[in-house]
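**Student:** Below: one structure in structure tokens.
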């Protein structure tokens, strides 16, 4: 499936949901914010939010620091 991921066209295989995508990218769900086609995806919906060909996904990693 082709997705635009953080502005870059990517070919992603074996993903059906936002959770699957994050797993394939080895990202921890609790440490990211996700937007799908311009809409924020609540963390509680990651496992239920289906991805389709052509989706635009933005992922922002949270970090702590001082």
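Every read-out reported here was derived from the displayed coordinates using simple, explicitly stated rules and does not represent laboratory data. Bear in mind that the values here come from a model prediction, so they are computed numbers and not experimental data. Cβ coordinates were reconstructed from backbone atoms using ideal geometry, including for glycine residues, and neighbour counts include every protein chain displayed.
**Student:** Considering only the chain, what is the antiparallel percent among its DSSP beta bridges, to the nearest 5?
**Tutor:** On the way: 13 of 15 bridges.
Taking every DSSP beta bridge within the chain, about 85 percent pair in antiparallel fashion.
**Student:** I've got another one for you. I need the shape label for the range 2-60. Rule: rounded when a/c is under 1.5, else prolate if a/b > b/c, else oblate, with a, b, c from the alpha carbon gyration tensor. Each step should come with its number before you reach the end.
**Tutor:** Numbers: a/c = 1.38, a/b = 1.25, b/c = 1.11.
Cα axes put the range 2-60 in the rounded bin.
**Student:** Starting with the highest mean, order 44-55, 14-25 by the number of other Cβ atoms within 10 Å, averaged over the residues of each peptide. All intermediate terms of the calculation are to be shown ahead of the outcome.
**Tutor:** On the way: 44-55: 13.0, 14-25: 16.4.
Top of the packing list down: 14-25, 44-55.
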